[in-house]
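Report on the structure given below.
The values are calculated or read from the model by the stated rules, or taken from the named source; none is laboratory data. The model shown is predicted, which means the values in this text are computed figures rather than measured ones. Cβ placement follows ideal geometry from the backbone for every residue including glycine, while neighbour counts extend to all protein chains displayed. Heavy atoms of the whole protein, side chains included, go into the accessibility calculation; ligands, DNA and RNA do not. Shrake-Rupley method; radii C 1.70, N 1.55, O 1.52, S 1.80 Å.
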Number of protein chains: 2
Amino acid sequence: MIKAVLLDIAGVLYDSGKPIAGALEAVQRLQRRPVAVRFVTNTSRQSPPQVAIQLETMGFSVGPKQLFTAPGAVVAYLGDRGLSCYSLVHPNLDELFRPFQSTSPDAVVVADAGDRFDYSHLNKAFQYLMQDASLIAIGDNRYFRKDGELVLDAGPFIHALSYAAQKEPVVIGKPSETFFDIVLNSVPCSPAEALMIGDDVIADCEGALRTGLQACLVRTGKYQPGDESRCGLPGLLCETNLDHALKAFGI
Amino acid sequence: MIKAVLLDIAGVLYDSGKPIAGALEAVQRLQRRPVAVRFVTNTSRQSPPQVAIQLETMGFSVGPKQLFTAPGAVVAYLGDRGLSCYSLVHPNLDELFRPFQSTSPDAVVVADAGDRFDYSHLNKAFQYLMQDASLIAIGDNRYFRKDGELVLDAGPFIHALSYAAQKEPVVIGKPSETFFDIVLNSVPCSPAEALMIGDDVIADCEGALRTGLQACLVRTGKYQPGDESRCGLPGLLCETNLDHALKAFGI
């Protein structure tokens, strides 16, 4: 009996700026059921409000406490522990991290900072790490496709800083258990009663299974044939799309 | 019986822009003996001619075929194999790599590029790696001290690109055997008849010992007490400075 459904966003709800066929109706059906719904994403080039507005513009209804983003999880992580930070992030996230900024930070937070990944910003992050700050990574993805080109994601820069300062990063965001735990803390059920639906077999599905959730991979978005066989844990279901995934669980 | 001596430069011959006490005389004494002398350095913010001029200005005499730099070794590596490259290097090295430049390069060469380590240059290097170029690294150092601050060296950026493109780098420069082999090919003796003198226990001494040379660590430059115990191979000698190191080998 599923009591909570966690939905990945890009590649599950929409693709190339438009809702995936059937996704709007499937989410509406889900939201009429007595099931907690959470939207969960690693994106770090948009602030949480920007993500919500984008979804609302496409016709999805996102409640005020239904959206969990990796940057938002890092803010919660810093807040819970009373940590200050130096944030090497996209300008869209500056406002989010402003309350935590310090010139003697407890942590260096690294997300997909885009053009801010330059020698000057990376040296500053490195110097804080050498002065005892810990390294917090928003995701660990290698690259993504933008305007037809492959471009570097946050992962390579996190590896660079980790090697330079000889510090292991705390990775917050999917597939980390920390991230799933934060989302699970907001729903009134056990991990085994929660279902993650995503198009990334590692970040979405393997991460969820490792945390004790159920998981369903969908064949939309970035899915590539054979992805389901790359999951390192048993119990993964694979369905055509979000609509079929929900139906497979009786929703 | 030593027939060739390889001298590291910074920290062995000079420090903070000035010859180390006794180093000028020791090199002169060495150069009067029937021993091949080679100056070997990983520096990649200066071209080989700039390194030679700096040494000559301080009073050292550097013959035309006595200087081996890591960037020079990469040029030889590319030339021997007929490889083209995209070079992410300091502007001082542009002229050196100009003859090898190509828009469909066989290799991406990464050295300490300083301010050129930005998102645009790193993406370009990454895209060439994804298009089948190999990754050649000039050294793998984590960081160095500049104007009183620790700043990132080439190593972290090489790790970033290696992780992003999932390609192991070919590291040319000390401590790689490739580098020592190139230097040894220029001297008329076996590895066991050659001696490396340096202030870096790993890059200079362990690398030399692994290639079959003899090695002597000096307690000048970046040497820290206890460094000699970090050498992973037996046979390392440790002396106060260059003068004492040479005398220990009867020179």
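So what is the relative contact order of segment B:22-101, in percent, for Cα pairs below 8 Å that sit 6 or more residues apart? Computed over segment B:22-101, the figure is 33 percent.
Structure note, pairs A:LYS124/A:LYS222; A:LYS174/A:LYS247; B:LYS146/B:LYS247; A:LYS146/A:LYS247; B:LYS124/B:LYS167; A:LYS174/B:LYS167: Cα-Cα distances above 26 angstrom occur for A:LYS124/A:LYS222; B:LYS146/B:LYS247; A:LYS146/A:LYS247. A simple spin-label model places pseudo-atoms 7 Å from Cα toward Cβ; at A:SER229 and A:ASP94 they are separated by 4.8 nm. When chain B is treated as a GNM, springs tying every alpha-carbon pair under 10 Å, which of B:ARG210, B:ARG145, B:ARG116 comes out with the largest mean-square fluctuation? Taking springs between Cα atoms under 10 Å, the residue moving most is B:ARG145.
Peptide B:135-142 is shielded by partner chain Cβ atoms: per residue, an average of 1 of them sit within 10 Å of its Cβ. Take each residue of peptide A:143-149, count the partner chain Cβ atoms within 10 Å of its Cβ, and average: the result is 2.
Using a probe radius of 1.4 angstrom, the carbon and sulfur fraction of the accessible surface of the protein assembly as shown is 50%. Each residue was assigned an accessible area with a 1.4 Å probe, and for A:ASP140 the value is about 50 Å².
Taking amide H atoms as placed 1.01 Å from N in the peptide plane, the amide H of A:VAL37 lies under 5 Å from those of A:VAL5, each 5 or more residues away in sequence or on another chain.
With an a/c value of 1.5 or above and a/b not larger than b/c for the gyration tensor axes a ≥ b ≥ c computed over the alpha-carbon atoms, segment B:143-210 is described as oblate. Provide the FRET efficiency to the nearest 0.05 for the B:SER190-B:SER16 pair, computing r from the beta carbons and using R0 = 41 Å. Result of the calculation: an efficiency of 0.65. Per residue of B:17-30, other chain Cβ atoms within 10 Å of the residue Cβ number 0 on average. For segment A:82-230, the relative contact order works out to 15 percent when only alpha carbon pairs closer than 8 Å and six or more residues apart are counted. For segment B:82-172, a crude dipole built from +1 on the beta carbon of Lys and Arg and -1 on the beta carbon of Asp and Glu, taken about the Cα centre, is about 80 debye to the nearest 20. The Cα-based radius of gyration and maximum Cα-Cα distance (Dmax) for chain A are 18.0, 53 Å. The relative contact order of chain B, computed from alpha carbon pairs under 8 Å that lie at least 6 residues apart in sequence, is 20 percent.
Summed over both chains, the contact between B and A buries some 2500 Å² of accessible surface at a probe radius of 1.4 Å. For the protein assembly as shown, a simple Cβ point-charge model (Lys and Arg +1, Asp and Glu -1, everything else neutral) yields a dipole of about 20 debye relative to the Cα centre. Per residue, the convex hull spanned by the Cα atoms of segment A:82-172 amounts to 93 cubic angstrom.
For the protein assembly as shown, rounded, prolate or oblate, judged on the Cα gyration tensor with a ≥ b ≥ c (square roots of eigenvalues), a/c < 1.5 rounded, else prolate if a/b > b/c? It comes out prolate by the Cα gyration axes. Using a 1.4 angstrom probe, figure out how much accessible area segment B:82-172 has per residue, in square angstrom, rounded to the nearest whole. For segment B:82-172, the per-residue accessible area is 42 Å². In this label model, A:ASP147 and B:ARG32 are separated by 6.6 nm, measuring between points 7 Å along each Cα→Cβ vector. Sorted largest first by accessible area at a 1.4 angstrom probe radius, with every protein chain in place, the residues A:ILE172, B:ILE20 fall in the order B:ILE20, A:ILE172. Scanning residues 5 or more positions from A:GLY22 or on other chains, none has an amide H under 5 Å from its amide H, with H placed 1.01 Å from N in the peptide plane.
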